[in-house]
Amino acid sequence: MSGDLSLTALPAHILDRADVQAALRLHDFGQVFRLTRQWGGISFLRIADACDIKPERVGKLARGEGAITTYEKIAYIADALGIPGHMIGMAPRPWEQASTPRSPSRPELISRLSTVAIADVPESDDLGTVDLEGDEVQRRRFLAASIGIATAAAVIPGGSAAGRRIGHRQVEHLQRRTARLRTLDDVLGGADTRHIYRAELGSTLSLLRNASYTETTGRQLLSLVAEQAQQAGWAAFDAGRQAEASALYEKAFQAATEAGDAALAGNSLAFLAYQQVSTGTSGVATAAASCETASDDAPATVRALLFERRAWAHAKAGQAKETEQALGQAEEALAGSGSDRPGPDWSSWVDTRELQIMKGRCWTELHRPLRAVPALEAALADFADAHARDKSLYLTWLAHAYLDAGETEQSATVITEAMDLSAGIGSVRPQQRANEFLLRLQPHRTIAPVAELLDRAAL
């Protein structure tokens, strides 16, 4: 959001109303929307358009059904409707300070442990940039009040780390905390987790700037920054915020490189490659660089993960031979993991089932259904519905593979299951994948189950 007041800002006579102010203090935006229409004549459609909310949800909120709870969405609505920060318990919004000159931010590599700096990372594709350092305290207070999760700086044994010395024990505590928070991604989408991961990243950056520590501890903190930036980038990617994701991945690579952590640096490039592939760009070169960066002495699960991502990039590029080779390298890495040193927590989810899923996805992209279907069916046979986002995504590839095999009715059944699972998940990807598949089904509308599915989707 720029420093200019929004063109959809609420008029003063609305903001001055006692009932509107009371609703804002309670973050009851449904009541705000209702009063805005009643006393300002502003339609729900216009509110929906300004606040990037579906019109039907605006109506439900106005009837008291549901609530707006995330920091990002509340900040977005405040900017869209010109609501001053103090009215909703936030710091002044950027447009309130438009008359105050602001020095432009400049991206800097974390080049010295004693003078750490990091580039501003875009908060979303639409809202411009937000300074992690300047917004950090407000974000922490908001999160603590709304979801009860303390931030990293607040949970270090011994209290706040600002101005005091920290060591290996405190960093290990933060690493364990990061690992626990990562499990949220198993059941929640990026729209639900990105604000949490960004807050953690901001807190760790604060430690780098304000605490004192040895060079060894500083490098451990830099590795933690890289790890947290990757997780925050993944959540942004899952929420459809591509500019934010790529900026975070780049910062993760910079921090990992400065820390001398080759495995994390390679994983940062693998994330970038995955994003490039997902946005229609070839990620082959970046994926290849990720494997070379991590080197052959990386833990088995790390090597398997990077080779999987490389296989995916080759598959999306239509390179069957290279895909098979990378999948084979991933399999070899996992096969030798028994005698290998333990891998980091961020790669612990890579196992033989994950490899089977990636094989199925790759062969689906290469239109090899005879290879894809058995791999995906076997991997998904006991895949719990609790992991709804991931399962719904993987089912979309199975649906494509069935359609390639000429099993149209079965493909419609599978995509229906995927759509049911993904309903209400804070991730844009399952719906995007389902929409792509529905386009493929259009020529088969004469088949009754397909016609029923397409009619349902149209509603």
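A short reminder: the numbers here are calculations on the coordinates, not readings from a lab. What you are looking at is a predicted structure, and each value in this text was computed from that prediction instead of being measured. Here Cβ is always computed from backbone atoms with ideal geometry, including for glycine, and neighbour counts include all displayed protein chains.
A few points about this structure:
- For the residue pairs Lys60/Lys251; Lys54/Lys251; Lys321/Lys391; Lys316/Lys391; Lys251/Lys316; Lys73/Lys391, alpha carbon separations beyond 29 Å are given by Lys60/Lys251; Lys54/Lys251.
- Relative pair counts by distance (%), Cα atoms of segment 261-350, 10 Å bins: 21, 52, 25, 2
- Summary of packing: across the peptides 406-416, 386-396, the per-residue average of other C-beta atoms within 10 Å ranks them, highest first, as 386-396, 406-416.
- Inter-label distance, nm, simple model (7 Å from Cα along the C-beta direction), Ala67/Ala22: 1.7 nm
- For segment 161-235, trypsin sites (Lys or Arg not before Pro) are listed when DSSP marks them as loop and at most 15 other Cβ atoms sit within 10 Å of their Cβ; the list is Arg164.
- Averaging Cα coordinates gives a centre for segment 228-293 and one for segment 396-459; these two points are 30 Å apart.
- For the pair Gln242 and Arg164, a Förster radius of 41 Å applied to the C-beta separation gives a FRET efficiency near 0.60, rounded to the nearest 0.05.
- Cα gyration tensor category, rounded, prolate or oblate, for segment 354-459 with a/c compared to 1.5: oblate
- Förster radius 25 Å - calculated FRET efficiency between Asp186 and Asp382 (Cβ-Cβ, nearest 0.05): 0.95
- Applying a DSSP loop filter and a limit of 10 other Cβ atoms within 10 Å to the chymotrypsin sites (Phe, Trp or Tyr not before Pro) in segment 20-68 leaves nothing.
- Efficiency of FRET between Glu407 and Asp52 - r from beta-carbon atoms, R0 35 angstrom, step 0.05: 0.35
- Extension gain from Arg456 to Ala335, taking 0.36 nm per residue of separation minus the Cα-Cα distance: 39.1 nm
- 5 angstrom amide H check on Ala211, placed H, neighbours 5+ away: Gly163
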